[in-house]
Amino acid sequence: MASRGQVVAPASSFPSAGLIRRRPIVLGLAGLAALAVALAAGVGFGSVAVAPGETLGILTSRVLGLDVTRTWSAATEAIVWDLRLPRVLTAMVVGVGLAVAGATFQGLLRNPLADPYVLGTASGAALGAAIAVLIPVRIVFLEFGLLHGFAFLGALGSVVAVYRLSRIGGMAPLTSLLLTGYALGSLMAAGLAMAMHLSGAALRQIFTYLLGSFDAASWGRLAGAAPLVLVGVLLVMSRARALNGLLLGEETAAHLGVDVRRERVTLLALGSLITAAAVAVSGLIGFVGLVVPHVVRLLVGPNARLVVPLSALFGAGLMTFADLAARMLGEIPVGVVTAVIGAPFFLVLLRRSRTGYEL
Amino acid sequence: MRARPIRPTLVLLLALLAAACSQAGATPTPPATPSPAIPPSPSASPPTAGFPVTLTDYSGTDVEIPAEPETIVSLTPAATEILFAIEAGYRVVGKVEDIANHPPEAADVPVVATFAGVDIEKIVALEPDLVIAGGNGGTPEDAIERLRALDLPVLVVYAADIEDVFTDMEQIGVAAGEAERSRDLADAMRAQFDAVDAATRELDRPRVFYETGDQPAIYGVADDSFVASMLELAGADPITTGSSTVWEMSQERLVAEDPEIILLGDAAYGVSPEGVAARPGWAEMTAVEANAIRPIDDIVVTRPGPRLVQGLHGLVAAIHPEVEISGASSPPSSASPAASGG
């Protein structure tokens, strides 16, 4: 595949060289604009109608500390400030996290089907959450309950286990990683099924977690997850060169001066940390992590320097719009919306891509 | 069109992100657990009509209700029925979706929660003085926590057994400022339950299987469950699943236990006695041979509310048709506390 590893996508597949150079900037600006619209819409709309002026008043008085004349009730302020805003921002952070983790795992594993959940993260998190539901002890720390903690630890623990089990002589070959991830994932899925069988009335809690939702977002939970996700994303961005190298294959990467073993472990750890933080607050939301990086690659080529930040932007936008749609449609699972929006868009792009497409 | 609002919004976005991060780092935002200012009184829930009142609820939380609530949100169908029965129905401004609204007026109350979830936004907008939620997963725990974090008084009720139904009723009454009515209602129900118990205690107890569902598997009642104790009160020897958490009924176990009567709590969902008799392997059961498969109104048997007496009478009629219980024919809709009120 000719385009692999080139910093900018091959000119032959696009109309003009000037447009290509400008394309990432245009896409970036469009992404930012879409995100801003998503933020405004996400805070402005909900199951209760709040006048735009009141929303704006609440935001300016809270954010900028301006002394705006209060024309709204305390309930309205709680709806906008304590319910909607943390929810929208959590959707953005989780969207950023899943899209970047997806881009990382796809590059790292050189597998187009990789997503943030590929190495057992999803089943680990789900099993952790289910076990937490079965434990009749209530612990709340900084708004994080047992469920969030166990989901986080389950996600991280499963990746550590997969990595250690797949190591052969110090290195973990890609195929071995993927297969171990699959095997361990299946085992944990069995554990999840058992936990669901035993859960009785708490089954709904597990079910809600499996479907994913931002309904439970709060400032405290956002404050817990956002630093992990955002720092992780920045660190992945700073390793774009290594990610580009790894995409060419281990040998080539080594020739290019990339410390393959170290970079792979680092990126694996970062991707897993981001995913774990995201699934701990939102539950399991599919599709964003798989499709967003592909869409970005189809648009700007495979260079990780562009793919990672643009994935972050598009992931945030898609997730925020998906959550808004899910809310407006009566709290349907947000994963349904991400799939319904994302899949057709992805198919269209895939069919229009004249050069064929590979990672 | 959209071009103008975008740039200010962008600035706003960045400002918001910055504010959110700095705020979250610096100050602990609303505490997750409500801080009960008043220590629990020695006798946890005194049934007095005076406000403010502090009640220790099913979740172990001390719920302080500062004044008689003018607006109430009910997140369990049973609580909705109880509130209407103690004449606090006109103050219910929001309720959980209910497939069997009772009394009919309850149908007009706006829905703020469904099986899929609780619409916190709608509840906050109603500014309720009291929210009554279901324990043990009846209302998602997360929703209860968030409502409390928003400083709404949430009273969690859950009836694990029949006595709990009466205490829940009394507690809801105290919380809603209708302590006397609720106590009268509970006392009247206790008396009617005692009457049924007295009438059925000495009878032969047929083995009864109460079916709660047939899709995808056969579901019965768990050991020591609410429905199991209702069946025992109605003079039955209930066939249960063999576990206190599992409601799925092993068909082998059912055949081995050989029910003498099968009650179809799932009759409202299209299960018919003919269909049950035709199930492979069921023909050998005594109940099927004797044609003792009876549909039953499930809601009044399983919903821990004022119509439970009606449910119990329905069970007795299905299990011991020969027994006459005084007062059993009284119109069920008027779950009136007046009977023992004087």
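Would you calculate the convex hull of the Cα atoms in segment B:122-232 and tell me its volume per residue in Å³?
Roughly 131 Å³ of hull volume per residue.
Cα-based Rg of segment A:195-250 per 2.2 N^0.38 Å, rounded to two decimals?
That works out to 1.82 for segment A:195-250.
Provide Rg and Dmax in Å for segment A:179-332, with only Cα atoms included in the calculation.
18.1, 57
Can you classify segment A:27-176 as rounded, prolate or oblate using the Cα gyration tensor, where a ≥ b ≥ c are the square roots of its eigenvalues, rounded means a/c under 1.5, and otherwise it's prolate if a/b beats b/c and oblate if not?
Oblate shape, in that a/c is at least 1.5 and b/c is the bigger or equal ratio.
Which value in deg cm²/dmol, rounded to the nearest 500, describes the helix-derived mean residue ellipticity at 222 nm for chain A, given -39,500 (n - 2.57) per DSSP H run of n ≥ 4 and division by the residue count?
-23500 deg cm²/dmol
Indicate the helices, whole DSSP H runs only, in chain A that combine a mean Kyte-Doolittle hydropathy of 1.6 or more with a Cα extent along their long axis of 24 angstrom or more.
Answer set is A:219-238, A:334-352.
Only four residue types carry charge here, +1 at the Cβ of Lys and Arg and -1 at the Cβ of Asp and Glu. Report the dipole size of segment A:176-332 about the Cα centre in Debye, rounded to the nearest 20.
Charge dipole, segment A:176-332, about its Cα centre: 180 debye, nearest 20.
Compute the separation of the alpha-carbon centres of segment B:177-245 and segment A:212-275 and state it in Å as a whole number.
Centre-to-centre (Cα) distance: 57 Å.
Using alpha-carbon positions, what is the distance between the centroids of segment A:21-64 and segment B:57-90, in Å?
One Cα centre to the other: 38 Å.
Using the per-residue mean of other Cβ atoms lying within 10 Å as a proxy for protection, in what order, highest first, do the peptides B:69-79, A:153-163, A:46-56 fall?
B:69-79, A:153-163, A:46-56
Looking only at Cα atoms, what is the convex hull volume of chain A per residue, in Å³?
Taking the convex hull of the Cα positions in chain A, it is 150 Å³ per residue.
Since every read-out is calculated from the coordinates, none of them should be taken as a lab result. The shown structure was predicted, so the numbers you read here are calculated from the model rather than taken from an experiment. So basically every Cβ, Gly included, is an ideal-geometry build from the backbone, and we count neighbours across all protein chains shown.
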